[in-house]
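Undergrad: Mind looking over this structure? Questions follow.
The values are calculated or read from the model by the stated rules, or taken from the named source; none is laboratory data. Just so it is clear, the model here is predicted, and its values are computed rather than measured. Positions of Cβ are generated from backbone atoms using ideal geometry, with glycine treated the same way; all protein chains shown enter the neighbour counts. Quick note on the areas: whole protein, heavy atoms, side chains included, nothing else; ligands and nucleic acids left out. Shrake-Rupley method; radii C 1.70, N 1.55, O 1.52, S 1.80 Å.
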Amino acid sequence: MEYLLESNHLCKKFGSLMALQDINLRITRGKIIGLLGPNGSGKSTLIKIINGLMTPSSGELTVNGRTPGVETKKIVSYLPERTYLNEWMKVYELLDYFEDFYEDFRRERAEQMLSNLRISIDDKLKNMSKGTKEKVQLILVMSRDADLYVLDEPIGGVDPAARDYILKTIIGNYNENATVLLSTHLISDIENILDEVIFLQYGQIRFHRSVDEIRSQEGKSIDQLFREVYRC
Amino acid sequence: MAWNLDADRPIYLQLMEKIRTDIISGVYQPGDKVPTVRELAAEASVNPNTMQKALTELERIGLLYSQRTSGRFVTEDEEMMKDTRESIAMEQIQSFLKGMKQLGFEKEEILDMIRDMKED
């Protein structure tokens, strides 16, 4: 069986700091997976390696059997923690930009979601609130027919109502051949949409389990378990 | 509006219970088509795979049946509906009795209290 995402003995060092240590991951299609862990546990480093923005110090990571690069970027849709979009651009220019860049971009889908949220395609990114900007970015990312969606803190900066909309957007747009990997601190808000969780700690995988299994075996929510595992 | 789910029990079980209650209380009538997995998952704000699991379980126990191309439907088996209604009632009574026992009441006392209670 071929995994959508696989890593073997993946390590990343920054000087003497081990940011990731012996990460062995097997991720299949059709899942929504939470990448959880406190600050500095290695979430962003792992996400950057998946997207080819950093390379491993040792070990390997593959997406659909390939090392991250031009080919994998065609099938991975990535929402970074910080925006990389040009502030002066209008929404329709961003749509053009995505359409140029990605063969799998579905413009009608993006336009539909924008109109549901009453965001005008003539608006400039610069003039939008932080929450609206985040929604626009998520819409762009979720409007691709990708195999893997990697969302770094997709609900961090938005209010609870917008959070609900974003979660519904994630549920509604991924298909059973795709997988969504998302990192967040706001576990209680998202745990009902997760199939599996990966807990990272000090650059290592603490565990990788199914959410229903945790609930039935431990009798507690992911949020409660998180607070116990990472108690300060 | 997302469905209200407890934090400490498997989600699919709670989804099953909610849909089962909707069937018994007539939100979905016998023979009605139920919404798709995706629609229900979005309504409940849960993972579609989890919703799928809940619907599959409801099919397995016979409350729903699926027709290959046209979707999932509520059973028209009246016996089945009656049994389900009774089993929900039993669950309610058991949890009520458990609570009353914790307060130190015996069965006879509880029955008296119920009889003496004024209808509102």
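Undergrad: Looking at chain A, which longest stretch skips every one of the chymotrypsin sites (Phe, Trp or Tyr not before Pro) that is in a DSSP loop with at most 10 other Cβ atoms within 10 Å, leaving the sites themselves out?
TA: Longest stretch, sites excluded: A:89-232.
Undergrad: For region A:34-92, which GluC sites (Glu not before Pro) are both in a DSSP coil and crowded by at most 15 other Cβ atoms within 10 Å?
TA: Answer in residue order: A:Glu81, A:Glu87.
Undergrad: While we're looking at this one, here's another question. State, as an integer percentage, the relative contact order of chain A based on alpha-carbon contacts under 8 Å between residues 6 or more apart.
TA: Computed over chain A, the figure is 26 percent.
Undergrad: Using only the Cα atoms, work out Rg/Rh for region A:1-160, with Rh taken as the Kirkwood radius, to two decimals.
TA: 1.00
Undergrad: With a cut-off of at most 12 other beta carbons within 10 Å, and DSSP calling the residue loop, which trypsin sites (Lys or Arg not before Pro) in region A:116-220 qualify? Please list them. Working shown, then result.
TA: Details: sites: A:Arg118, A:Lys124, A:Lys126, A:Lys130, A:Lys133, A:Lys135, A:Arg144, A:Arg163, A:Lys168, A:Arg206, A:Arg209, A:Arg215, A:Lys220; in loops: A:Arg118, A:Lys220.
Passing sites in region A:116-220 are A:Arg118.
Undergrad: Let me ask something else about it. At what distance in angstrom do the alpha carbon centres of region B:44-120 and region A:146-216 lie from each other?
TA: 31
Undergrad: Follow-up question, since we're still on this one. Which loop GluC sites (Glu not before Pro) in region A:118-217, with loop taken from DSSP, have no more than 12 other Cβ atoms within 10 angstrom of their Cβ?
TA: A:Glu176
Undergrad: Put +1 on the Cβ of every Lys and Arg and -1 on every Asp and Glu Cβ in the protein assembly as shown; which of A:Tyr84, A:Gly156, A:Ser210 then has its Cα farthest towards the positive end of the dipole?
TA: A:Tyr84
Undergrad: I would also like to ask the following. Taking GluC sites (Glu not before Pro) as candidate sites, keep only those in a DSSP loop with at most 12 other Cβ atoms within 10 Å, then name the longest stretch of chain B containing none of them.
TA: B:1-75
Undergrad: Just need the relative contact order of chain B here, percent rounded to a whole number, with Cα pairs under 8 Å and 6+ apart.
TA: Once divided by the residue count of chain B, the mean separation gives 23 percent.
Undergrad: Ok, one more. Counting only protein heavy atoms and a 1.4 Å probe, tell me what percentage of chain B's accessible area is made up of carbon and sulfur.
TA: 51
Undergrad: Excluding ligands, DNA and RNA, what is the solvent-accessible area per residue of the protein assembly as shown at a probe of 1.4 Å, expressed in Å²?
TA: 53
Undergrad: Applying the Karplus parametrisation 6.51 cos²θ - 1.76 cosθ + 1.60 with θ = phi - 60° to the phi angles of region A:31-47, what ³J(HN,Hα) value in whole Hz is obtained for each residue in order, glycine and proline being reported as x?
TA: Values, residue by residue: 10, 10, 10, x, 9, 10, x, x, 4, x, 8, x, 4, 5, 4, 4, 4 Hz.
Undergrad: Sticking with this one: Angle between the Cα long axis of helix B:78-102 and the longest principal axis of chain B, 0 to 90 degrees, nearest 10?
TA: 40
Undergrad: Another question, then. Roughly how big is the protein assembly as shown's charge dipole about its Cα centre, with Cβ charges of +1 (Lys, Arg) and -1 (Asp, Glu), in debye to the nearest 20?
TA: On the way: 46 positive and 57 negative charges, 270 e Å.
Here the protein assembly as shown has a charge dipole of around 1300 debye.
Undergrad: Taking every eigenvalue of the Cα gyration tensor of the protein assembly as shown, multiplying by 5 and rooting it, what semi-axes result, largest first, whole Å?
TA: 42, 26, 20
Undergrad: Which entries of A:Lys43/A:Lys130; A:Lys13/A:Lys168; A:Lys43/A:Lys126; A:Lys12/B:Lys53; B:Lys98/B:Lys118 have Cα-Cα distances beyond 26 Å here?
TA: A:Lys13/A:Lys168; A:Lys43/A:Lys126; A:Lys12/B:Lys53
Undergrad: So, one more: Need the per-residue list for region B:23-52: every residue with at least 10 Å² less accessible surface in the complex of protein chains than in the chain by itself, probe 1.4 Å, sorted by number.
TA: Hits at the 10 Å² cut-off: B:Arg38, B:Ala42, B:Ser45, B:Val46, B:Asn47, B:Pro48, B:Asn49, B:Thr50.
Undergrad: How do A:Cys232, A:Cys11 stack up against each other in accessible area, from largest to smallest, with a 1.4 angstrom probe? Working shown, then result.
TA: On the way: A:Cys232 170, A:Cys11 20 Å².
Of A:Cys232, A:Cys11, the descending order of accessible area is A:Cys232, A:Cys11.
Undergrad: Treating region B:57-99 as a set of equal point scatterers at the Cα positions, no solvent, please give the Debye-formula log₁₀ I(q)/I(0) at q = 0.22, 0.23, 0.28 Å⁻¹.
TA: The Debye formula, applied to the Cα set alone, gives -0.75, -0.78, -0.93.
Undergrad: With solvent modelled as a 1.4 Å probe, how much accessible area in total do chains B and A shield from it at their shared surface, in Å² to the nearest 100?
TA: Roughly 1500 Å².
Undergrad: For the pair A:Asp223/A:Asp96, report the inter-label distance in nm, with labels modelled 7 Å from Cα in the Cβ direction.
TA: 4.4
Undergrad: Inverting the mean 1/r over all pairs of different Cα atoms, compute the Kirkwood radius of chain B and quote it in Å.
TA: This gives a value of 16.3 Å.
Undergrad: Here is a follow-up. Let me confirm one metric for peptide A:170-176, namely the mean number of other chain beta-carbon atoms within 10 Å of its residues' beta-carbons.
TA: What the average comes to for A:170-176 is 3.
Undergrad: Hey, another quick one. Take peptide B:5-17, look around each residue's Cβ out to 10 angstrom, count Cβ atoms belonging to other protein chains, and average those counts.
TA: 4
Undergrad: Moving on. Connecting C-alpha atoms closer than 10 Å in a GNM of chain A, tell me which of A:Asn86, A:Asn173, A:Asn51 has the biggest fluctuation.
TA: Residue with maximal mean-square fluctuation among A:Asn86, A:Asn173, A:Asn51: A:Asn86.
Undergrad: When you look at the Cβ of every residue in A:20-32, what mean number of other chain Cβ atoms sits within 10 Å?
TA: 1
Undergrad: Counting only C-alpha contacts under 8 Å and six or more residues apart, can you give the relative contact order of region B:11-76 as a whole percent? It would help to have the intermediate numbers written out before the result.
TA: Values: 70 pairs, mean separation 26.3, N = 66.
Relative contact order of region B:11-76: 40 percent.
Undergrad: Working from Cα positions, state the angle (0 to 90°, nearest 10) between the long axis of helix A:160-173 and the longest principal axis of chain A.
TA: That helix lies at roughly 90 degrees to the long axis.
Undergrad: Nearest 10 degrees is fine. How inclined is helix A:91-101 to the longest principal axis of chain A, computing both from alpha carbons?
TA: It is inclined by approximately 60 degrees.
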